[in-house]
Amino acid sequence: MSGRMLSEVVRRQLQMYLVLGSVNCLAEPGWVVQEALAGGATMVQFREKGLGALTGVPMFELACQLQELCRHAGVPFIINDDVELALELDADGVHIGQDDESAESVRERIGNRILGVSAHTIEEARRAILQGADYLGVGPIYPTISKDDAHAVQGPAILYEMRKAGIDVPIVGIGGITVDRVEEVARAGADGVAVISAVTQTEQVRGAVKELKKNMVSFLNDP
Ligand code: TZP
Ligand code: MG
């Protein structure tokens, strides 16, 4: 049996991480994901949440459609919160928050699939790592319109603090990240940027992804 994903692999997969559900998209979600993959998205998270979110069969069908696109592109497809759905689809991983089932229990259920955990403090980060997280989602770095129950804005400083505290696992910054903010987020210590609106709220999906990724990769190549 193969083991957990190598952390250096996950680190690269976080570079340009698209998070989305049907509620977030201006255009049809399948088209958005297709364009994002064409632009070089490195990971995709299905996060079907909020007012008007799909449930039941339509939700499942959308998840299947997006998963198929990611599979074709060789990009990991991660499910937000819903371990059952992830197992049913045989998705590549699960992302959970602090209010969801414990990381320990999710790790037990998903085996070697990728496990992402949202962490807002050094303590939450350390616990998530002990419980089996492969990567941490840290934010909101900037103000966001995409999450109703978002924690207080942390600024890039939280990333510096985590790195200074010796937390060296893969970290993706999230919350209000735009093309112009990628460098600041990377410089503070993130391995990648996770975005919703910068990609889903534009008609230029492919171009937006290209720019976000270009800024991330150029920082990594020449810090
Ligand atoms: N978690 C923290 S902020 C956020 C999530 C899911 C929303 C990010 O969306 P956007 O539109 O990129 O600010
Ligand atoms: Mg959650």
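Quick note: the coordinates plus some simple rules give every number you see, no bench work behind them. Just so we're clear, the structure is a prediction, and the values are computed from it rather than from any experiment. Quick reminder, even Gly has a Cβ in these numbers, built from the backbone with ideal geometry, and neighbours come from all protein chains shown.
Remarks
- Centre separation in Å (Cα based) which lies between segment 204-221 and segment 25-80: 19 Å
- Using the Cβ-Cβ distance between L87 and I122 with R0 set to 30 Å, the FRET efficiency from 1/(1 + (r/R0)^6) comes to roughly 0.45.
- Binned Cα-Cα distances of the chain, short to long, each 10 Å bin given as a whole percent: 8, 37, 40, 14, 0
- Spacing of the modelled spin labels on K214 and L51, each 7 Å from Cα toward Cβ, amounts to 3.6 nm.
- Of all lysines in the structure, those lying under 29 Å Cα to Cα from K210, and not within fewer than 8 positions of it along the same chain, are K49, K147.
- Sparsely packed GluC sites (Glu not before Pro) within segment 95-130, loop by DSSP, other Cβ within 10 Å at most 15: E101
- Spin-label pair A165/D222, simplified geometry with 7 Å Cα→Cβ offset, distance in nm: 3.4 nm
- Under 18 Å from the Cα of K214 - aspartates and glutamates, other chains or at least 8 residues apart: E35, D180, E183, E184, D191, D222
- Across V199, V32, V23, mean-square fluctuation computed from a Gaussian network of the chain (C-alpha pairs under 10 Å connected) peaks at V23.
- Burial ranking of peptide ranges 56-66, 35-45 (average Cβ count within 10 Å, highest at the top): 35-45, 56-66
- Sequence of H72, H151 once ranked by neighbouring C-beta atoms within 10 Å, starting from the fewest: H72, H151
- Ascending count of other beta-carbon atoms within 10 Å, so fewest first, for E68, E184, E48: E68, E184, E48
- Of I114, I122, I174, the sequence from fewest to most neighbouring Cβ atoms within 10 angstrom is I122, I114, I174.
- Each Cα pair under 8 Å and six or more residues apart adds its sequence gap; the mean of these over the residue count of segment 102-184 is a relative contact order of 30 percent.
- Mean projected area of the Cα convex hull of segment 171-223, taken over all directions, amounts to 3.2 nm².
- Per residue, the average separation of C-alpha pairs within less than 8 Å and at least 6 apart gives the chain a relative contact order of 24 percent.
- FRET efficiency, 1/(1 + (r/R0)^6) with R0 45 Å, evaluated for E203 and L6 via beta carbons: 0.75
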